[in-house]
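**Q** One structure, pasted below without further comment.
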Amino acid sequence: MLELNKGIDILAEISGISTLDEAEALFEARCDPKNVAKLGRITNEQALLKIANAISMTDPDAVFVNTGSDVDVQRVREMSLEKGEEQPLAMKGHTIHFDLALEQARIIDRTFYIVNEGEETSVLAKRILRDEAYEYVKTHMMGIAKGKTLFVGFFSRGPIGAQAAIPALEITTSTYVMHSANILYRNVYHQFDEEAKRLGLFFTNVHSEGPNKPEDLPNARVFMDRSWLTTFSMFCTYAGNTLLLKKGNHRFAVDLATYYGKERELSEHMFITGLTGPGGRKTFCAGAAPSGCGKTTTAMVGADFIGDDLAQLWIAEDGTLRGINPEKGIFGIVRDVNRESDPYLMKALREEGAEVIWSNVLIDENRVPYWVGNGEEYPKRGFNFQGEWWEGKMDGDGEPIPLSHPNSRCTVANTFIGNYNEAVAEDPRGVEIKVITYSGRDSDTMPPVWVAKNPDQGVVIGASIMSAATKTEVGAEGVRRQPWANEPFIPGPLADYMNAQFAFFNSDKLKSKPIMAGLNYFLTCKARGGDGEGSKLLGEKRDVRVWLGWLERRAYGDVDAIETPIGFIPKYEDLKGLFAEIGKEYPKELYDKQFAFYVDNIIGRIDLQEGAYREEKNIPARLFEIYDEQRKGLEALKAKYGPIVSVEQLIETAKSRAIPL
Ligand code: SPV
Ligand code: MN
C-alpha cells in the first residue's frame, strides 16, 4: 500500500525551508511588496512551504502570484507575448505557441514515477527511486529560474466544494503554462485554504522550461512523486509535459481513488456530455477513449457539453453515480476539426470572440492558423512546428512534412463552446451519470455500439479497449491495448485498478447503476466485405449522435435490444428512427454490415486480451470468467452459422435461448 508523505520531500530537502517564519522571511526577501501581500492572504502552512521551497530552489528574478483577478489574468497573457512564448495572431484574443520540433507530444520515455523502495508501479510506467530523483532535481532545477519570473497559481481540479474536486498549486516559469492554466482550470486563490482543509491535501506542480533549446531536450524530465503528490518538470514546454495540473495530477487522482484506497471514487480519462431524450429529459454520459480518438468531438455531440478529457466520478449518498469535470476548458487536437464534424468548436476557432492559444499549427503570412483536415483551402507556405514550411517540403527521411503536426492543439475555455452548460458544469453535486462508454480505434472487429449485460461485463469492456497508436505520445506506434483508455495515467499495477473497477460498479452503495457500453466508429468498409474502398469508414463519425441517442433510451429501458454473447446490440427499427431525427437515411444493408458478428475477429480479440492479461500478476479471475463465457457463446454461434453471423441469426439464437431481454 502506498503511504502519503513517505520518504524525503524532495522540494523541502533541496531548499531546507521548514517553518512558516523562514517561508515568510524568504517571501520578503524575494518578492515585491505586492506579491508578498498576495501570499499573505494564504494561510495553509504546507502550501506556503511548498511555494517558498520552490522559489528558493529555482531562484527566479521575480515572483508573480496569480490571484485569478482580471488584472492578473490579463498580465500573464501580456507577459507571454512580451516573453515570446506566445505570439499574437490576426484574430483578436488568439495567440500561437510552438513547442520544439522533437517535443510535440508527451515524452513518455522521460516520464517517471518517483517511488520508494519496494513500491509497485504499473509495468508499463517508468520509475525512478527517490534518491536518484532527488539528485536529478537538485542538479537540474536549482537555479533553473535565474533571469526569469516564477509564476504561482492556486487552482481547483473541479467545481469548488465538489466531493471529488482537488486543489493544486501550479508553480512555473512558463507564461504559456500559466496562461493555459488560467483557461483550463478554476483559479481558487480566494478559496484555496478552505478547499485544502476540506480535503486534507493538495497537489503541487513545479515546472521550468529552462533555456528551451533542442540540446536540453534529452535532459527533459517529468517526475511524479506519488508520496508527496508533487510533480517536477524541466526543459520542456508541451502542455502535456508541463501543465501537470492536467495529466500529472490526473495520475495522482487515480492514485488517490485506487492505490490510496479512497473508496467510492474513480478518476477517468473520460468526456462528460448531456444528451436530450424523449420529453426533453437530460441524461449524462461519460465516455473513455484513448488520446487522439475523437473524444473531444464526441463530447460536443451532446446538447449539454460538460468536459472533453477527464472525469472524477463518485457514488453519492443517494446511490447515484456522479461526475464532475476537473477542468473548465479544452486542450483539444485540431486535426480534422471542421464545420461539419465540430460546429461548436469551429465557431470558437474561426469567429471573433473567443480567447484561443493555438499550438504547433501552420501560420500563414497573414498570421492566420491552418491545420490538416479543417475543410478549408490550405496556404502553400507558412511557419509551423518545424520552422518555415512549404507544400512538398520533406523531412530528413524523405517524408513530406504535414502542414500541421497531428498533435497540434487549441486551448479554449469551455464557455466559448456553444453547447457548454456552465451552470451544470459548476455544480458541486456533479451530474448524474447514467451511461458509460468505452471506445478505441478499431477498424475491423467490434460493432458500433453494444451494451454490457451486467457491471462485470461493463468492466471487461473497459479492460479490453484497443486502439491504433496516435501522435499524442512521442514515438508511439502500432495497435495497442488501452485499458480504460487510462493506462498511460495509471501509476500502480493494473490488477489493482481492475479490482477497484469491479468493486465500484458492483458496489451495493451504487443503487442507480449506469449502463456500460462499447462504442466503435472506426469500422471500415473493407473489414465488412467492401473491396477497393481502403480505409473508408462504414458510416460517419457524426453517427455517434445516434449511438449515444440509442444508449440514452436504453438507459431508461425505452428500447428493446438483441442479446448476444458480448452484450446487447440495437434493433434496426430503433436506429432507423434515431437516424431520421438527424436527417439521415439508414439503409438496412448498412445496419446488417455494421452489426453482423465476424466471430473469428471477436474471438481473436478475446484471445489476445486474455493472453496479455495472463502475463500480468493478480488479475481478478472474474475477467477470465467473462472472457470464457463470451468465447463459448461465440463459438456456439460459429458452430451453428459459420464465421459471419448475421443479425437475424443473432436474433434467432437469442429467442431460442429464451432469455428475457
Ligand atoms: C492526451 O494526450 O490525452 C491529452 C493531452 O489530453 S495531454 O495533456 O498531453 O495528455
Ligand atoms: Mn487526454
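The values are calculated or read from the model by the stated rules, or taken from the named source; none is laboratory data. Remember, it's a predicted structure, so these values are computed and weren't measured experimentally. Note: ideal-geometry Cβ built from the backbone for every residue, glycine included; neighbour counts use all protein chains shown. Keep in mind that these areas ignore ligands, DNA and RNA; they rest on the heavy atoms of the full protein, side chains included. Shrake-Rupley method; radii C 1.70, N 1.55, O 1.52, S 1.80 Å.
**Q** Quick one: dipole size for region 238-396, taken about the Cα centre, charges +1 on Lys/Arg Cβ and -1 on Asp/Glu Cβ, in debye to the nearest 20. Don't skip to the end; give the middle numbers.
**A** Numbers: 18 positive and 23 negative charges, 48 e Å.
It works out to roughly 240 debye.
**Q** Please give the net charge around Ala168, taking every other residue with its beta carbon less than 12 angstrom from that of Ala168, where Lys and Arg add +1 and Asp and Glu add -1. Provide the component values of the computation, followed by the final result.
**A** Working: positive: Lys50, Arg157, Arg186, Lys246; negative: Glu170, Glu195, Glu327.
Once positives and negatives cancel, what remains is +1.
**Q** Taking the Cβ-Cβ separation of Lys526 and Glu477 as r and a Förster radius of 22 Å, what is the calculated FRET efficiency to the nearest 0.05? Don't skip to the end; give the middle numbers.
**A** Numbers: r = 21 Å, r/R0 = 0.97.
E between Lys526 and Glu477, to the nearest 0.05, is 0.55.
**Q** Counting only protein heavy atoms, what percent of the accessible surface of the chain is carbon or sulfur at a 1.4 Å probe? Please report the intermediate quantities before stating the final value.
**A** Details: 12490 of 24740 Å².
That share works out to 50 percent.
**Q** Please calculate how many Å² of accessible area region 274-317 carries per residue, with a 1.4 Å probe and no DNA, RNA or ligand atoms counted. Walk me through the numbers on the way to the answer.
**A** Details: 960 Å² over 44 residues.
Value returned for region 274-317: 22 Å² of accessible area per residue.
**Q** Now, a different point. 222 nm [θ] for the chain, helices only, -39500 (n - 2.57) per DSSP H run of 4+, per residue, to 500?
**A** Details: 21 runs with 211 residues, N = 661.
One gets -9500 deg cm²/dmol as the mean residue ellipticity at 222 nm.
**Q** Between Ile651 and Glu194, 0.36 nm times their residue separation minus their Cα-Cα distance comes to what? Please report the intermediate quantities before stating the final value.
**A** Details: separation 457, 0.36 × 457 = 164.52 nm, distance 5.69 nm.
Taking 0.36 nm per residue and subtracting the Cα distance, the gain is 158.8 nm.
**Q** Apply the a/c threshold of 1.5 to the C-alpha gyration tensor of region 1-106 and tell me whether it is rounded, prolate or oblate.
**A** Working: a/c = 2.41, a/b = 1.48, b/c = 1.62.
The shape class here is oblate.
**Q** Given a 1.4 Å probe, how much area per residue of region 144-208 is accessible, in Å²? Intermediate results must be reported in sequence, preceding the final value.
**A** Working: 1400 Å² over 65 residues.
Heavy-atom SASA per residue in region 144-208 reads 21 Å².
**Q** On to the next question. Just to confirm, what accessible area per residue do you get for region 373-454 at 1.4 Å probe, in whole Å²?
**A** Details: 3520 Å² over 82 residues.
Averaged over the residues of region 373-454, the accessible area is 43 Å².
**Q** Let me ask another. With r as the distance between the Cβ atoms of Ala101 and Glu45 and R0 = 35 Å, compute the FRET efficiency 1/(1 + (r/R0)^6) and round to 0.05.
**A** 0.20
**Q** Under 19 Å from a label point 7 Å along Cα→Cβ of Leu20: give me every residue in region 52-74 with its amide N that close.
**A** Correct set: 52-54.
**Q** Report ³J(HN,Hα) in whole Hz for each residue of region 320-337, in order, from the Karplus equation J = 6.51 cos²θ - 1.76 cosθ + 1.60 where θ = phi - 60°; Gly and Pro get x.
**A** 8, 8, 10, x, 10, 9, x, 10, 9, x, 10, 10, x, 5, 9, 4, 6, 7
**Q** Using Cα pairs closer than 8 Å and at least 6 residues apart in sequence, work out the relative contact order for region 268-400, in percent.
**A** 16
**Q** Over the chain, consider all pairs of different Cα atoms and compute the Kirkwood hydrodynamic radius from their mean reciprocal separation; express it in Å, one decimal. Intermediate results must be reported in sequence, preceding the final value.
**A** Working: mean 1/r = 0.0389 Å⁻¹.
It works out to 25.7 Å.
**Q** Follow-up. What angle, in degrees between 0 and 90 and rounded to the nearest 10, separates the Cα long axis of helix 599-614 from the longest principal axis of the Cα atoms of the chain?
**A** 40
**Q** Kindly list the residues of region 260-288 that lie in the label zone of Ala303, defined by a backbone N under 11 Å from the point 7 Å along the Cα-to-C-beta vector.
**A** Hits in region 260-288 for Ala303 at 11 Å: 274-283.
**Q** Taking H as built 1.01 Å from N, whose amide H comes closer than 5 Å to the amide H of Ser18, not counting residues under 5 places away?
**A** Distant-sequence amide H within range of Ser18: zero hits.
**Q** So for each of 275-282, 433-440, 482-489 I average, over its residues, the number of other beta carbons within 10 Å; can you give me the resulting order with the highest mean first? Walk me through the intermediate numbers first.
**A** Details: 275-282: 12.6, 433-440: 25.0, 482-489: 23.4.
Averaged packing, sorted descending, gives the order 433-440, 482-489, 275-282.
**Q** With an 8 Å cut-off on Cα pairs and a minimum separation of 6 or more residues, tell me the relative contact order of the chain in percent. Please list the in-between numbers first.
**A** Numbers: 1372 pairs, mean separation 83.5, N = 661.
Answer for the chain is 13 percent.
**Q** Using the Kirkwood radius built from alpha carbon pairs, what does the Stokes-Einstein equation give as D for region 50-165 at 4 °C and 1.567 mPa s, in µm² per second? Numbers along the way, then the final one.
**A** Details: Rh = 17.8 Å.
Rounded to a whole number, D works out at 73 µm²/s.
**Q** For the chain, take the longest principal axis of its alpha carbons; what is the angle in degrees between that and the long axis of helix 20-30, to the nearest 10 within 0 to 90?
**A** 70
**Q** I need the peptides 549-555, 441-447 ranked by packing, meaning the mean over residues of other C-beta atoms within 10 angstrom, with the highest value on top.
**A** On the way: 549-555: 23.6, 441-447: 20.6.
So the peptides 549-555, 441-447, ranked by packing, come out 549-555, 441-447.
**Q** So, one more: Put Lys593, Lys632 in order of accessible area, largest first, 1.4 Å probe: what do you get?
**A** Details: Lys593 90, Lys632 130 Å².
Order by accessible area, largest first: Lys632, Lys593.
**Q** Right, another one. Do any GluC sites (Glu not before Pro) in region 553-661 lie in a loop, going by DSSP, with at most 10 other beta-carbon atoms within 10 Å of their beta carbon, and if so which?
**A** Loop-located and lightly packed - Glu585, Glu615.
**Q** Okay, next question. Which of rounded, prolate, oblate describes region 329-465, given a ≥ b ≥ c as roots of the alpha-carbon gyration tensor eigenvalues and a/c under 1.5 marking rounded, otherwise prolate only if a/b is larger than b/c?
**A** On the way: a/c = 2.91, a/b = 1.50, b/c = 1.94.
The shape class here is oblate.
**Q** Please list the non-local residues whose amide H lies under 5 Å from the amide H of Gly210, H modeled 1.01 Å from N, same-chain partners needing a gap of 5 or more.
**A** Phe235
**Q** Could you state the orientation-averaged shadow area of the convex hull built on the Cα atoms of region 550-642, in nm² to one decimal? Could the numbers behind the result be given before it?
**A** Numbers: hull surface 30.9 nm².
Averaged projected area of region 550-642's Cα convex hull equals 7.7 nm².
**Q** So, by mean Cβ neighbours within 10 angstrom, what's the order for 118-127, 151-160 with the highest one leading?
**A** Working: 118-127: 15.1, 151-160: 25.8.
Result, highest mean first: 151-160, 118-127.
**Q** When only DSSP loop residues count, what GluC sites (Glu not before Pro) in region 265-321 have their Cβ near at most 13 other Cβ atoms within 10 Å? Write down the numbers at each step before the final one.
**A** On the way: sites: Glu265, Glu268, Glu317; in loops: Glu317.
Answer in residue order: Glu317.
**Q** Now a separate question. If I stretch the segment between Glu28 and Asn506 completely, what's the gain in nm (0.36 nm per residue apart, minus their alpha carbon distance), one decimal? All intermediate terms of the calculation are to be shown ahead of the outcome.
**A** Working: separation 478, 0.36 × 478 = 172.08 nm, distance 5.39 nm.
Between Glu28 and Asn506, full extension yields 166.7 nm more.
**Q** Using Cα atoms only, what is the angle between the long axis of helix 544-555 and the major principal axis of the chain, expressed in degrees (0 to 90) to the nearest 10?
**A** 80
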